[in-house]
Protein chains: 2
Amino acid sequence: MTFFYFEDFAVGQKFLGSERFVLDAAAIKSFAAAYDPEPFHLDEAAASRNPALRGLTASGWHTASITMRLLVESELRPMGGILGLGVDEIRWPRPVRPGDELRVESEVIELRPSESRPAHGIVKIRTTTFNQANEPVQLVVSNILVERRAA
Amino acid sequence: MTFFYFEDFAVGQKFLGSERFVLDAAAIKSFAAAYDPEPFHLDEAAASRNPALRGLTASGWHTASITMRLLVESELRPMGGILGLGVDEIRWPRPVRPGDELRVESEVIELRPSESRPAHGIVKIRTTTFNQANEPVQLVVSNILVERRAA
């Protein structure tokens, strides 16, 4: 297994392979009951009446959490783990439905030193989550703190 | 219970009361095992060795998901539920630790019509998640789709 220090990352570097994560209706409802208890994430009939969704839909936070898991399991392995400082943007361009199989692709889009932590750098990564039809269901741009190689 | 149409929101409107959500170490590890299996979210010893964290820390996605739950339970109740289109920003300024008690405050910061859905508007909301010491542990700016009152 290869682990990356800050110096090992390059803008444009891509991590395309990922595991797959399949969601069923039970998983969608279970996450929603704990963290996003809206009718359109909990109940098929209520969801089908929602004009913007027209059917049971996973919480965006469920999709974001699954994306994190797929990222942790991917080849993008900073030394010490993926330590997120924050996110610049999340978009959910289409709903995630029961039976969807998700995977991720990520790309390094910016590298900068950490002002507050001289032993670390900040890697900005754009991650796209796709469903089984290769349609993007989430875009996220995140900033992670990565150790520099000792001088 | 009051439900809000798009026209009922105003820039500067605040929703300050919220429920409380307490995390213990077991909940932090359980979420991390499912969605963010990094050593510093799973194991006290590994976490204490991480120089940036110095102790077991909740996944940022766990904090984000708890924030969503507190928001759904708050007085911010759009007609039809909180339907997120995306997020402009998330920051995690300090770690969430076992035993922390979280609450949220939110404020409407922008209102605009939906270009693609004439029956809806888009409400931009800034939500701050605080711990029991009233220190912010997360800032999130989110865009939600809200029904307009029928003309």
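At a glance:
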{"read-out": "Cα gyration tensor category, rounded, prolate or oblate, for the stretch A:59-104 with a/c compared to 1.5", "value": "oblate"}
{"read-out": "Ascending list, in nanometres, of distances separating the residue A:119 label from those of the other copies (7 Å, Cα toward Cβ)", "value": "5.7"}
{"read-out": "Debye-sum result for the stretch B:40-151 in log10 I(q)/I(0), which assumes one identical scatterer on each alpha carbon, at q = 0.10, 0.18 Å⁻¹", "value": "-0.37, -0.89"}
{"read-out": "Average accessible area per residue (Å²) across chain A - probe 1.4 Å, nucleic acids and ligands excluded", "value": "44 Å²"}
{"read-out": "0 to 90° range, to nearest 10: angle between helix A:60-72 axis and chain A longest Cα axis", "value": "40 degrees"}
{"read-out": "Nearest-0.05 FRET efficiency for residue B:10 and residue A:22, computed from C-beta distance (R0 30 Å)", "value": "0.10"}
{"read-out": "Solvent-accessible ranking of B:130, A:40, A:3, largest area first, probe 1.4 Å", "value": "A:3, B:130, A:40"}
{"read-out": "Relative contact order %, the stretch B:48-116, counting alpha carbon pairs below 8 Å whose residues are six or more apart", "value": "44 percent"}
{"read-out": "The stretch B:86-102 - phi-based ³J(HN,Hα) in whole Hz, Karplus 6.51/-1.76/1.60, Gly and Pro as x", "value": "x, 10, 8, 6, 10, 10, 10, x, 8, x, 9, 10, x, x, 5, 10, 9"}
{"read-out": "Backbone N within the stretch B:54-83 under 20 Å of label point (7 Å from residue A:46 Cα along the Cβ vector)", "value": "B:65-83"}
{"read-out": "GNM result for chain B, Cα springs below 10 Å: residue of B:140, B:11, B:96 fluctuating most strongly", "value": "B:11"}
{"read-out": "Cα-based helix-to-principal-axis angle, A:25-35 vs chain A, degrees rounded to 10", "value": "70 degrees"}
{"read-out": "Candidates B:74, B:30, B:116: whichever shows maximal mean-square fluctuation once chain B is modelled as a Gaussian network with Cα springs under 10 Å", "value": "B:116"}
{"read-out": "Residue B:107 paired with residue A:79, simple spin-label distance in nm, labels 7 Å along Cα-to-beta-carbon", "value": "4.2 nm"}
{"read-out": "Rg/Rh (Cα only; Kirkwood hydrodynamic radius) as it applies to the protein assembly as shown", "value": "0.96"}
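The values are calculated or read from the model by the stated rules, or taken from the named source; none is laboratory data. Given the structure is predicted, the values throughout are model-derived calculations rather than measurements. In this analysis, Cβ positions are derived from the backbone assuming ideal geometry, glycine residues included, and neighbour counts consider all displayed protein chains. Surface areas here come from the heavy atoms of the whole protein model, side chains and all, with no ligands, DNA or RNA. Shrake-Rupley method; radii C 1.70, N 1.55, O 1.52, S 1.80 Å.
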